[in-house]
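A quick write-up on the structure given underneath.
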Amino acid sequence: MTTRLALAAILFLSGIAANVHADEQPLAEQFLIEGKLGEGIGALETQLTTHGDDDQARFGLGVLQFLRAVERLGQSLHHHGAMGSQNAVARMLPFVRLPVPENPNPAETSYADVRAMIAAFLADLATAEKTLAAIKDDNVSLPLRFGLVRLDLDGDGKAGDAEALWRLVAAIGGQRDAPDEAVRQAAEGFLIRFDRGDAYWLQGYCHLLSALGEYALAHDMEAFFNVLAPHVFARPKVRELPEGMFRPSVEQQFLGDMSVIADAIAAIHEWHFEVVEPARTATALGHLEAVIRLSRLSWKAIEAETDDDREWIPNSKQSCVIPDMRVTAEMIGGWQEFLDEADEILAGRHLVPHWRLAPGRGINLRRVFLEPRKMDLVRWLQGAAVVPYVEEGDVTDPETWRRLERTFGGQFIGFAIWFN
């Protein structure tokens with residue numbers, strides 16, 4: 001998952017560090033740096049039983065629970081020999097792309113195992129979201145040296161140097177070979193003061209990831225999984241191409257790895273997912289609506305800030321803790337315009353265009369979630385699968401999206417991941 005932390009990590013790798021001032025260490029940080037997330041959760045829950053109004057502890061607990069969700073997902077992936085940091089296909093897939101340590105003795109992996117991993121991740125995210133939703137203090141603050149956080153991704157009870165968060169983000173960003181000492185020093189000096197807007201932001205990310213997971217679990221993707229599983233897990237339970245019968249990889253001078261290309265084409269052929277749990281698509285829609293609501297609250301809190309203290313995401317009058325990153329008033333206005341348009345689309349008041357539809361007609365995206373049918377990628381692109389959702393009405397204006405691209409210097413998607 002690419003977040004502002006990834007942007008910060010790239011700057012770490014360039015040798016850029018932030019200045020650190022003396023700060024009282026919040027209770028959560030010591031457990032995050034030591035990689036003892038379970039112990040930290042217990043300690044902060046105890047703190048809140050006697051100090052129920054301690055929203056810094058509550059914020060810290062939410063962060064611990066969110067990262068514990070990531071850690072537990074990583075441990076499951078490691079158990080099954082996931083190859084998210086080693087395989088180009090795995091790095092493109094949500095959830096399984098987490099760069100976990102290599103497992104010399106992995107378990108077999110079935111499609112049911114993957115569904116169970118996603119379901120457990122959703123349950124953990126719901127716990128973190130509930131904690132963050134209970135924060136009331138508009139002045140809550142949580143200073144953390146975030147790059148020093150450690151996760152026990154192999155489940156051995158120890159969070160070693162190789163499992164420090166800055167290393168994981170470096171791996172996701174393709175910077176695995178950066179000099180350790182330079183990156184470590186920059187990480188130690190990179191202090192972020194998370195505040196009320198960031199609590200809403202993290203809560204929103206819980207909902208965003210939950211929307212992806214719910215939509216995936218709503219469908220039967222087993223045939224798709226069977227094609228790509230050998231690229232993702234060390235011991236897939238089902239191999240369409242039995243080992244020993246086929247060459248595992250065929251390199252071509254101009255096309256590269258032909259096995260990857262062939263399997264990608266086969267995966268597209270299997271991208272027609274029957275709906276098996278239709279209630280989950282409606283739940284996914286609810287999560288997406290919550291993302292928009294929380295983004296509005298986040299930006300309301302950010303724009304109300306008058307300080308300028310190591311901001312994770314700044315308003316137009318603040319500086320960003322990430323050097324050379326600037327948020328302008330025009331960008332904030334553009335983001336509000338995006339939220340308005342996304343609201344209209346999810347509510348079904350603005351329709352989504354399709355290249356094959358006549359002017360004045362579009363897809364009611366809300367009905368796609370509330371009236372789910374087989375998700376057939378090829379027929380969606382061709383047009384036949386969109387027919388049940390086509391309506392006459394106001395279609396989202398392409399100029400709105402062109403204007404947003406201009407506002408964000410052609411990098412709207414990157415800023416959208418950052419802004420949430």
Any idea of the accessible area per residue across the range 52-171, 1.4 Å probe, to the nearest Å²? 39
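Given a 1.4 angstrom probe, I'd like the percentage of the accessible area of the range 263-420 that is carbon and sulfur, rounded to a whole number.
Working: 4610 of 8110 Å².
Roughly 57 percent of what the probe reaches on the range 263-420 is carbon or sulfur.
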Under the Debye formula (equal points on every Cα, no solvent term), log10 I(q)/I(0) of the range 320-416 at q = 0.18, 0.25 Å⁻¹: -0.89, -1.26
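Shape call for the range 349-396 from the C-alpha gyration tensor, a ≥ b ≥ c root eigenvalues: rounded (a/c under 1.5), prolate (a/b greater than b/c) or oblate? Walk me through the numbers before you get to the answer.
Numbers: a/c = 2.39, a/b = 1.25, b/c = 1.91.
Oblate shape, in that a/c is at least 1.5 and b/c is the bigger or equal ratio.
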Which whole-number percentage describes the relative contact order of the range 320-420, with Cα contacts under 8 Å and a sequence gap of 6 or more? 28
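Answer rounded, prolate or oblate for the range 113-163, using the Cα gyration tensor with square roots of eigenvalues a ≥ b ≥ c: rounded when a/c is under 1.5, else prolate when a/b is larger than b/c, else oblate. Don't jump to the answer; show the numbers that get you there.
Details: a/c = 3.81, a/b = 1.21, b/c = 3.16.
Because a/c hits 1.5 or more and a/b fails to exceed b/c, the range 113-163 counts as oblate.
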Between the alpha carbon centres of the range 23-94 and the range 385-401 the gap in Å comes to 41
Could you provide, to the nearest whole Å², the per residue accessible area of the range 252-391 with probe 1.4 Å? 53
Rounded D (µm²/s) - the range 263-319, Kirkwood Rh over Cα pairs, Stokes-Einstein at 10 °C, 1.306 mPa s: 104
Along the range 89-95, what does the Karplus equation 6.51 cos²θ - 1.76 cosθ + 1.60 (θ = phi - 60°) give for ³J(HN,Hα), rounded to whole Hz, x for Gly and Pro? 5, 4, 5, 8, 9, x, 6
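Rounded, prolate or oblate: which fits the range 188-247 when a ≥ b ≥ c are the square roots of the eigenvalues of the alpha-carbon gyration tensor, with rounded for a/c under 1.5 and prolate only if a/b beats b/c? Could you put the intermediate results ahead of the total?
Details: a/c = 7.05, a/b = 2.13, b/c = 3.30.
In terms of gyration-tensor shape, oblate.
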Would you mind computing, in nm to one decimal, how far apart the modelled labels at Leu297 and Ala329 are, each placed 7 Å from Cα along Cα→Cβ? 2.8
For the pair Ile268 and Glu344, the simple spin-label estimate (label points 7 Å beyond Cα toward Cβ) gives in nm 3.3
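The values are calculated or read from the model by the stated rules, or taken from the named source; none is laboratory data. Quick caveat, the model's predicted, so the values are computed rather than measured. Cβ coordinates were reconstructed from backbone atoms using ideal geometry, including for glycine residues, and neighbour counts include every protein chain displayed. Note: accessible area is taken over every heavy atom of the protein model, side chains too, but ligands, DNA and RNA are not part of it. Shrake-Rupley method; radii C 1.70, N 1.55, O 1.52, S 1.80 Å.
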